[in-house]
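Peer 1: Below: one structure in structure tokens.
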Ligand SMILES: C[S@@+](CC[C@H](N)C(=O)[O-])C[C@H]1O[C@@H](n2cnc3c(N)ncnc32)[C@H](O)[C@@H]1O
């Protein structure tokens with residue numbers, strides 16, 4: 001899927017002279033239309049990746065296979081995706097390696113799953129858990145579209161991680177866990193049991209309140225190294241002759257990452273020698289209601305209507321790419 005001349009079924013990213021991008025799936029005899037004319041898919045089939053094709057208006061379009069980072073930004077979405085800049089950090093700092101056994105929850109639209117599958121490879125295992133069946137369907141369809149088939153290392157289980165993980169793995173057998181969800185602190189117990197000693201847990205959270213709560217819950221539970229937290233900011237640069245400067249726009253905030261490692265059974269991390277900052281555990285420390293709601297944490301709900309459309313679109317694209325029928329109401 002990722003090398004050699006373009007073939008029918010390949011996804012191709014077309015860039016027009018103004019830099020606008022369109023993603024098409026190549027089909028024999030089909031045409032890509034814009035309001036100024038069209039170009040023929042047949043002109044691309046058998047052409048090398050990185051070719052330029054001419055539109056009937058005379059405009060030239062650059063044709064390239066989308067990279068994983070391009071695909072993730074244009075694929076159908078149910079939930080908010082992990083952006084490529086954060087996926088790169090997660091793969092590196094969670095130390096995801098070929099052959100690793102990795103647990104991920106939730107799956108959402110499957111953006112992070114694609115990076116994790118790439119990193120574990122066909123000899124590894126990615127066990128992903130998602131409590132919403134409609135999101136799991138969108139993620140499966142996106143992965144099928146990207147890899148051209150179901151990835152052999154991937155299992156998606158619909159259910160809450162807290163209930164489903166103990167049924168799915170033996171204690172101490174998982175190398176790495178990545179949590180991207182509203183309340184990762186609720187999963188610390190089951191994740192701690194599943195992880196092998198020395199295993200890595202990475203949590204990706206959107207707000208500082210979540211960051212604080214998961215770190216404090218891990219410290220209170222014991223059995224973990226001191227949590228490390230950070231965020232990454234990527235600033236693109238404009239490159240044109242002498243006009244070399246940062247881009248005017250950037251993503252100001254995506255999420256925070258917090259990592260920790262599982263200690264051997266019965267071991268507690270050595271006590272911190274530093275005193276906590278005054279007020280660090282003051283009265284304001286706990287959330288007012290005792291539990292943070294999705295709205296308090298700034299999660300935007302997605303309408304059922306939009307989800308049904310996204311689920312249908314994702315399945316239709318996967319069908320076009322793989323040639324086999326995908327029923328969005330059915331599992332794999
Ligand atoms: C922000 S999305 C994940 C996005 C995903 N990482 C991606 O890159 O596309 C969070 C997901 O976690 C799921 N979720 C939340 N808590 C969960 C739990 N305890 N077990 C399984 N899934 C959970 C939600 O349904 C939601 O789909």
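Please treat every number below as a calculation from the coordinates, not as lab data. Note that this is a predicted model, so its numbers are computed, not measured. When we count neighbours, we look across all protein chains shown, and the Cβ atoms used for this are built from the backbone with ideal geometry, even at glycine.
Peer 1: Taking the Cβ-Cβ separation of residue 268 and residue 186 as r and a Förster radius of 22 Å, what is the calculated FRET efficiency to the nearest 0.05?
Peer 2: 0.55
Peer 1: Related question: What percent do you get for the relative contact order of the chain when only Cα pairs under 8 Å and 6+ apart count?
Peer 2: Worked out over the chain, it gives 15 percent.
Peer 1: So between residue 319 and residue 250, what do we pick up on full extension, going 0.36 nm a residue minus the alpha carbon distance?
Peer 2: 21.4 nm
Peer 1: How far is helix 84-93 tilted off the main Cα axis of the chain, in degrees rounded to 10, range 0 to 90?
Peer 2: On a 0 to 90 degree scale, this one is about 50.
Peer 1: May I ask you to sort 75, 250, 181 by Cβ crowding, counting other Cβ atoms within 10 Å and putting the fewest first?
Peer 2: Sorted ascending by nearby Cβ count, the order is 250, 181, 75.
Peer 1: What's the angle, to the nearest 10 degrees (0 to 90), between helix 111-120's Cα axis and the longest principal axis of the chain?
Peer 2: It is inclined by approximately 80 degrees.
Peer 1: Then there's this: Quick check on the exposure proxy: order 32, 129, 6 from fewest to most C-beta atoms within 10 angstrom.
Peer 2: By the 10 Å Cβ count, ascending, the order reads 32, 6, 129.
Peer 1: Can I ask one more? Put a dot 7 Å past each Cα toward the Cβ at residue 306 and residue 70; how far apart are the dots in nm?
Peer 2: 2.6
Peer 1: A follow-up question, please. For segment 165-245, give the share of DSSP beta bridges that are antiparallel, in percent and rounded to the nearest 5; count only bridges with both residues there. Mind showing how you got there, number by number?
Peer 2: On the way: 3 of 8 bridges.
Around 40 percent of the beta bridges assigned by DSSP in segment 165-245 are antiparallel ones.
Peer 1: Order 161-170, 227-236 from most to least packed using the mean count of other Cβ atoms within 10 Å.
Peer 2: Working: 161-170: 16.1, 227-236: 12.6.
Going from most to least packed, we get 161-170, 227-236.
Peer 1: Classify segment 70-266 as rounded, prolate or oblate, taking a ≥ b ≥ c as the square roots of the eigenvalues of its Cα gyration tensor: rounded when a/c is under 1.5, otherwise prolate if a/b is larger than b/c and oblate if not.
Peer 2: Oblate shape, in that a/c is at least 1.5 and b/c is the bigger or equal ratio.
Peer 1: Set the Förster radius R0 to 51 Å, insert the Cβ-Cβ distance between residue 208 and residue 150 as r into 1/(1 + (r/R0)^6), and round the FRET efficiency to 0.05. Numbers along the way, then the final one.
Peer 2: Numbers: r = 38 Å, r/R0 = 0.75.
Efficiency, rounded to the nearest 0.05: 0.85.
Peer 1: While we're on this one: Could you check what % of the DSSP bridge pairs in the chain are antiparallel, to the nearest 5?
Peer 2: 60
Peer 1: Next question. With an 8 Å Cα cut-off and a minimum separation of 6 or more residues, compute the relative contact order for segment 157-277 in percent.
Peer 2: 27
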